[in-house]
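All of the numbers you see were taken from the coordinates with simple rules; none came from a lab. This structure is a prediction, so every number in the text was calculated from the model and none was measured. Here the Cβ positions follow ideal geometry from the backbone for every residue, glycine too, while neighbour counts run over all protein chains shown.
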Amino acid sequence: MSVHARPSARGRGQVAALLGLALLVSGCGDARFWARWRAERGAWRAQRAVERIEINPLLAGAGDWARADAACRSVVTSFPAEAWSARVRAGDVMAFDVLEASGRAALSRARLEVLHDRREAAVAGYDRARRDYAAVPTVSLGAAVARANLLAGWGRAAEAEAAWSEIARDYPAVDPRTGTIFEAVLDASVLVARDRRARGDGTGADSVLRSAEAACLLLLPARRGLPAAPGLWVRVSEARSARGDAAGARLALRQALAEPAAAPLAAWLVLRLAAQALESALPDTALVYADWAARDFGGAQRPAALLVAAQAWRARGVPDSALQTYEWIVQEDSGDLDKAAEARFGRARLLEDLGRWDQARGEYHALVSAVPTHPLAFESMMRVVRHHLGRGERILGLTEARHALAALDALIASQQDDGVQVRAGETRARLLFETEDIRGGCGALAALLRRYPEAALDAGFLMRAGEEAEKRLNDTDLALELYRAGAARAVAPELRRQARAAVDRMAGPPR
């Protein structure tokens, strides 16, 4: 055999085995290091396989799905959570790294179920990872957060609230190993409070917010002067603001601004102080902070600062200054399309309130032309049509509606973004209702629901459409479809009760 000939596969395997044995004998190949290397390599390969599918699941072939699933399963089964958790509890430090890698593979496996749109399997996978990898807070918490987000995204509001409640209750605010703050745990309290308030449980919401505030204040003494401190003060401010303690919220923001590490957040903090002063009916104070933000920080913060200033001028009863400030935002062309849209909309609303309708309508139309996919563009369409119909100007209202419907149809035909499609489709249905095309409006909503079953449509609008389908169209199947969609999306207790009662009535046995 030539000295340059390549060894056979069997020969290469024997060489690798002998090399591994030599390493073990020499002490350099500790089995724990070998296990950690295999687990981390396997977790990395599993993650890469899932990420390749994530780029575009529709283009993934059966082989891609099978390889990704096998890569995830291999790590989870080779390094089972129960066995390695026991080793962690026994004090094996390196076992923690192995368990963490196994946990990452378990998360990748659950993510694969999400990409496959196997919802129950995905929820169960995250729930299993949450429990199995409790010894690794980052993995367990990551699984719990992913599960809660899935439930919320699928409209399962009650289950999502319960999941966020479990996160706020069961997880520490700080990683016991590294001291890193778990932002998701602090976020969970705010989300739970928001959901409770939406259900009419103000007392329960305030209780959760007070607990969240106390947790942040408890973390602050050890972090004064560190980068985490300003963010903790911001969370205190948000909790106080949500409870209605406006003065306490502004005090917390000033505390954040006084922190040595506040420089990266300073512009945002000043702008937030301006917004909170405006919310507290203190327009003069809001103008001071807005001017500070626009003058000293400029850049990306300037359009937002000018927007607050315009709103403050309006609140002070100086409409000309407000209109001028709105105009500056549009003319400066900062590239911030959101703020430009808000400025045009704010200017149009102010002109409308001042009785200068022709100018207001021009601003609404300009907004639709400039940023046709922006939510405020859709709202502008509705306001123009409703203005004319509300004043009894039916011909003008119908003309505006026809133009808006044509623009929406063109947008729906050309846009690939699902969010734009949903917003445009819902606006189209609303316009049809405004023009008394009830069948067309109900049909448009039903078609939208069939194409986007999880679309975040307005529950009240769905209920209204269900009533129209039931009472005016006498279409039981269509009414039931719309009522069910409304029941799935309703957050307010009374609306949810009405929706469920309607579903029960329509789905019940014939009398």
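Could you work out how far apart the two model spin labels at Ala447 and Asp504 are, taking each label as a point 7 Å from the Cα in the direction of the beta carbon, and quote it in nm?
Here the answer is 3.5 nm between the modelled labels.
Sorted by average packing, counted as other Cβ atoms within 10 angstrom per residue and highest first, what order do 60-68, 106-114, 334-342 take?
106-114, 334-342, 60-68
May I ask for the equivalent-ellipsoid semi-axes of segment 56-137, computed as the square root of five times each C-alpha gyration tensor eigenvalue and listed largest first in whole Å?
The three semi-axes for segment 56-137 are 27, 13, 8 Å.
Based on the Cα coordinates of segment 328-396, what is the per residue volume of their convex hull in Å³?
Convex hull of Cα atoms, per residue: 78 Å³.
Measure nothing but the geometry: give the 0 to 90° angle between the long axis through the Cα atoms of 246-258 and the longest principal axis through the Cα atoms of the chain, rounded to 10°.
On a 0 to 90 degree scale, this one is about 50.
If you project the alpha carbons of segment 214-306 onto the principal axes, what extent comes out on each, in Å, largest first?
Sorted largest first, the three principal extents are 36, 28, 16 Å.
If r is the Cβ-Cβ distance from Ile438 to Gln416 and R0 is 35 Å, what FRET efficiency results, to the nearest 0.05?
Working from the Cβ atoms, E equals 0.70.
How would segment 388-495 be classified by its alpha-carbon gyration tensor: rounded, prolate or oblate, with rounded meaning a/c under 1.5 and the a/b versus b/c comparison settling the rest? Don't skip to the end; give the middle numbers.
On the way: a/c = 1.86, a/b = 1.22, b/c = 1.52.
Since a/c reaches 1.5 but b/c is at least a/b, the shape of segment 388-495 is classed as oblate.
Once the dipole of the chain is set up with Lys and Arg at +1 and Asp and Glu at -1 on Cβ about the Cα centre, which of Ser140, Val420, Phe182 lies farthest towards its positive end?
Ser140
In whole angstrom, note down how far apart the Cα centers of segment 379-420 and segment 164-183 are.
If you average the Cα positions of each part, the centres end up 48 Å apart.
Which of the peptides 225-234, 355-364 is most tightly packed, and how do the rest follow, judged by the mean count of other Cβ atoms within 10 Å per residue?
Order by mean packing, descending: 225-234, 355-364.
Measure nothing fancy, just the Cα-based angle from helix 62-78's long axis to the longest principal axis of the chain, in degrees from 0 to 90, nearest 10.
60 degrees
How far is helix 493-507 tilted, in degrees, relative to the longest principal axis of the Cα atoms in the chain, given as a value from 0 to 90 rounded to the nearest 10?
90 degrees
Using bins 20 angstrom wide from zero, how does P(r) for the chain break down, in % of all Cα pairs?
17, 42, 32, 9, 1
Once the Cβ-Cβ distance between Ser211 and Ala406 is put in as r, and R0 is 41 Å, what FRET efficiency do you end up with, to the nearest 0.05?
0.20
Calculate, for Thr77 and Ala158, the FRET efficiency according to 1/(1 + (r/R0)^6) with r their C-beta to C-beta distance and R0 41 Å; round to the nearest 0.05.
0.75
Could you state the orientation-averaged shadow area of the convex hull built on the Cα atoms of segment 172-258, in nm² to one decimal?
Averaging across all directions leaves 5.4 nm² for the Cα convex hull.
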